[in-house]
Amino acid sequence: MRELMNASEFKQRFLPLNVKLYKVAYLLLGNEDDAKDVVQDAYLKLWNKRDTLTNIDNDQGYCTTLVRNMCLDRYRAASLSIVDKPPEELPLASNDNASSSVELRQTEQLLNQCLARLPAQQQQMVRLRDINGCSMQEIEKATGLTAVNARVLLSRARKSLRTHFQSIQNHEQ
């Protein structure tokens, strides 16, 4: 039977990756607390699997993939709010007029409902690109998708959002 990796070796190999793993989790989740939770859970998983970690050639790649998959699992489980930012922080134009403010909040709620209908990967693309303002290179690195795949997902997501949004608006009128 293989001997478990000791704590000293574990710390030496995996703790230096903490900042990089946090950045990946934050890019995908857009929330500091959730990103910290995912990284902490990832370290717990790594520690519990330490007997199999001696066979890994690329610690950073393995850990990044683990964190990315854990973030995607959160999306799929719908345990994470689709948009963690309050509506006033979303990049929409604001107006001091009270009626415009109410209308703006209603529009933001409607957009959030439409976003919730999208598949997890499309939600992720909208969150990364349109809400968090990530570059395509950052999205590639965070998701492991090619730029072409990311652009296709983003295009489909935006088209679906427009369709859902217009459908709901037409239905309400």
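Some notes on this structure:
- Distant-in-sequence amide contacts of M5, defined by a placed amide H-H separation under 5 Å and a gap of 5 or more residues or a different chain, comprise D51.
- Checked against a 19 Å cut-off, the cross-linked pairs K20/K141; K20/K45; K23/K141; K11/K45; K45/K141 give Cα-Cα distances beyond that limit for K45/K141.
- Rounded if a/c under 1.5, otherwise prolate or oblate - the range 109-173, Cα gyration tensor axes: prolate
FYI, it's all coordinate maths here, none of it is from the lab. Please read all numbers here as calculations on a predicted model, not as lab measurements.
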